[in-house]
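Notes to accompany the following structure.
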Amino acid sequence: MPETYVHKFDTPTFKGEISVPSASTLTASSSTAAMAPPSSTSPCCSRCERRLLMNIISVINPSNGKIITKISEGTPKDVDVAVAAAQKAFDTTWGLNKNGFERARLLQKLADLMEQNADKLAALEALDNGKTFNWARTTDVDHSIRCIRYYGGWADKIIGQTIETSEAKLVYVRHEPIGVVAQIIPWNFPLQMMAWKIGPALATGCSVILKPSEFTPLSALFMAQLIHEAGFPAGSFNLVNGYGQTVGQALAEHKGVEKIAFTGSTLVGRKIMEAAAKSNLKKVTLELGGKSPSIVFDDADLEQAVKWAAFGIYYNHGQCCCADSRIFVHEKIYDQFMQRFTEHTKSLKVGDPFDPTSSRVPMVVRNSSTT
């Protein structure tokens, strides 16, 4: 399998070519796989070694159900390689070895590169996530750039404090990076979730290991190239493709990981917390799902109520942890509200994400429409 996948776009909203690496594991210094050799084989060269290790993940276009490309699946051995690279960077070229001014400069450079490649990032989001290109460009990509710039602005402003006790003592607080942090992101907002996770971690000097969703890895793989181009030290950022039950579990259980951040289901969040507790009591940040109702009273402006209730559930094709999946409507206006809501829903065009007239697109995961 080629180490780089090139996709050619010829659509009404975007035309061009985009290259993304297909390796299972990436670091900030390389666009090729950093894979551990198999114990049961003796490859003749590095290329054969990668082939012997390779399990494949098919990346599907949700708009038509066709395979976009195939990427290498990571393993727990790949996690070990990534953790070692991240720890080496933290001990030598990152963490407290790279001052806040330099970390800020690198993050701002990354934001500049994201701006230069904004259309490409939006096209990749539309391709494997399915959201409309225009929405991805004006919302997901722009917000992600702002996020990276925001944390770039904080990198050299991390301060401690002194605490008054007595003339015989000097008591102070110093904020230090935790170390190696693992980050697992979902498929509904691939680029934004990545920005929200890596921004604060890199700003504070932590070394990052990111596992993108196996459904939507393309923008993260492209971002790995931009992180390398921005000049981040080798091992300061690492990406491991794979499934939750293998790569995700290995990250949660790994004793070399000091913190894990996860966005996803409550069920998996419980498993991550359990694994973190049973391994090395690593710090945990969980952003889990929920049910978010809209409440419409009988004195509401029905036009606005329908508009925003529909936006609440259909935003990002309904794939959002805060989607308004329930609507409580006062009985006096229930029938009228339902009539208008139905009419509004029927007016929404479901179509190709690169069609500028499409307002809604197919869902990323096929079975999510039946659960």
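The values are calculated or read from the model by the stated rules, or taken from the named source; none is laboratory data. Please read all numbers here as calculations on a predicted model, not as lab measurements. Glycine also receives a Cβ, built like all others from the backbone with ideal geometry; neighbour counts cover every protein chain displayed.
Observations on the model:
- Against the test of being over 19 Å from Asn238 (Cβ atoms), assigned by TED's automatic domain parsing to the domain that holds Gly231 and buried (at least 23 other Cβ atoms within 10 Å of the Cβ), the options Ala82, Ala182, Ala155 yield a single qualifying residue, Ala155.
- Some residue of segment 97-113 being at pLDDT 95 or above, crowded, with 24+ Cβ neighbours inside 10 Å and not aliphatic (A, V, I, L, M): yes
- Tabulated pairs, segment 296-313, first more than 11 Å from Ile333 (Cβ to Cβ), second in a helix (DSSP H, G or I), C-beta under 6 angstrom, 6+ apart or interchain: Ala310/His344
- Only strands (runs of 3 or more DSSP E) whose full extent lies in segment 1-66 are considered here, and the ones with at least 1 residues that are modelled with pLDDT of 50 or more, over 20 Å from Asn238 (Cβ atoms) and acidic (Asp, Glu) are 4-10, 15-21.
- Filter result (under 30 Å from Thr216 (Cβ atoms), polar (S, T, N, Q) and in contact (Cβ under 8 Å) with a residue 12 or more places away in the chain) within segment 324-368: Ser325, Thr345, Ser358, Ser359, Ser368
- Residue check, Lys120 of a type in the set (D, E, K, R), buried (at least 18 other Cβ atoms within 10 Å of the Cβ), under 29 Å from Lys259 (Cβ atoms) and modelled with pLDDT of 95 or more: no
- Lone qualifier among Phe262, Phe297 - being at pLDDT 95 or above and either more than 19 Å from the chain's Cα centre (by Cα) or on the phi > 0 side of the Ramachandran plot (or both): Phe297
- Any hit, segment 344-354, residues being of a type in the set (Lys, Arg), assigned to a helix (DSSP H, G or I), modelled with pLDDT of 85 or more and in the same structural domain as Lys66 (by TED's automatic domain parsing): no
- Check on Gly318, among the small types (Gly, Ala, Ser) and at pLDDT below 75: yes
- Across segment 210-245, the qualifying residues are those that are farther than 15 Å from Glu73 by Cα and of a type in the set (A, V, I, L, M), and the one among them that is surrounded by the most Cβ atoms within 10 Å (Cβ to Cβ) is Met223.
- Close pairs from segment 276-291: first outside any loop (DSSP other than H, G, I, E, B), partner modelled with pLDDT of 95 or more and among the aromatic types (Phe, Trp, Tyr), Cβ under 9 Å, at least 6 apart: Val284/Phe262; Thr285/Phe262; Leu286/Phe262; Glu287/Trp196; Glu287/Phe262
- Where a residue in segment 66-94 is closer than 28 Å to Leu127 by Cα and free of Cβ contacts under 8 Å to residues at least 24 places away in the same chain and its partner, wherever it lies, is buried (at least 24 other Cβ atoms within 10 Å of the Cβ) and not small (Gly, Ala, Ser), with Cβ under 8 Å and at least six apart: none
- Members of segment 239-259 found to be in a helix (DSSP H, G or I) and either of a type in the set (Ser, Thr, Tyr) or on the phi > 0 side of the Ramachandran plot (or both), listed by number: Thr246
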